[in-house]
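Peer 1: Have a look at this one.
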Amino acid sequence: MTANKKTIISLKDVTKRYGYGDTESYALDKFNLNVKRGEFIMIMGPSGCGKTTLLNVIGLLDKPTSGSYFLNDQPVARLSSNRKAHLRAKKIGFVFQNF
């Protein structure tokens, strides 16, 4: 595998649940994603389908209920808040659409 094709973001069976019991709902349900170096991705979908939740997980602003997230082949689940902030500043960027 060349350096240009290295996977930099890998989500494996990522689930994010909100609520409990009868009020429980899933923003993400066993979601998988791989982004390789140099790729651009676009996230589209109707309101309420989990786009913002997904961005918050990728941006290290929220933790999934279950599943795994690897950034540059490193698991992010146990990173400190300071380390997450450093990674957001140096490694993760978003381009938002204009309204």
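Peer 1: At 0.36 nm per residue, and after removing the present C-alpha to C-alpha distance, how many nm does the segment from ILE92 to MET42 gain when stretched out fully?
Peer 2: Numbers: separation 50, 0.36 × 50 = 18.00 nm, distance 1.45 nm.
In short, 16.5 nm is gained.
Peer 1: Now, a different point. One-quarter of the Cα convex hull surface for the chain, in nm²?
Peer 2: Reported value for the Cα convex hull: 7.6 nm².
Peer 1: At 7 Å along the Cα-to-beta-carbon direction for both THR65 and LEU33, put a label point, then send me their distance in nm to one decimal.
Peer 2: Calculated label separation equals 1.8 nm.
Peer 1: Which one, GLY48, GLY93, VAL14, projects farthest toward the positive side of the charge dipole computed for the chain from Cβ point charges (K/R +1, D/E -1)?
Peer 2: GLY93
Peer 1: Also: By how many nm would the segment from LEU79 to ASN56 lengthen if fully extended, with 0.36 nm per residue of separation less the alpha-carbon distance?
Peer 2: 6.7 nm
Each value in this text was obtained by applying a stated rule to the coordinates, not by laboratory testing. Source: prediction; values computed, not measured. Glycine also receives a Cβ, built like all others from the backbone with ideal geometry; neighbour counts cover every protein chain displayed.
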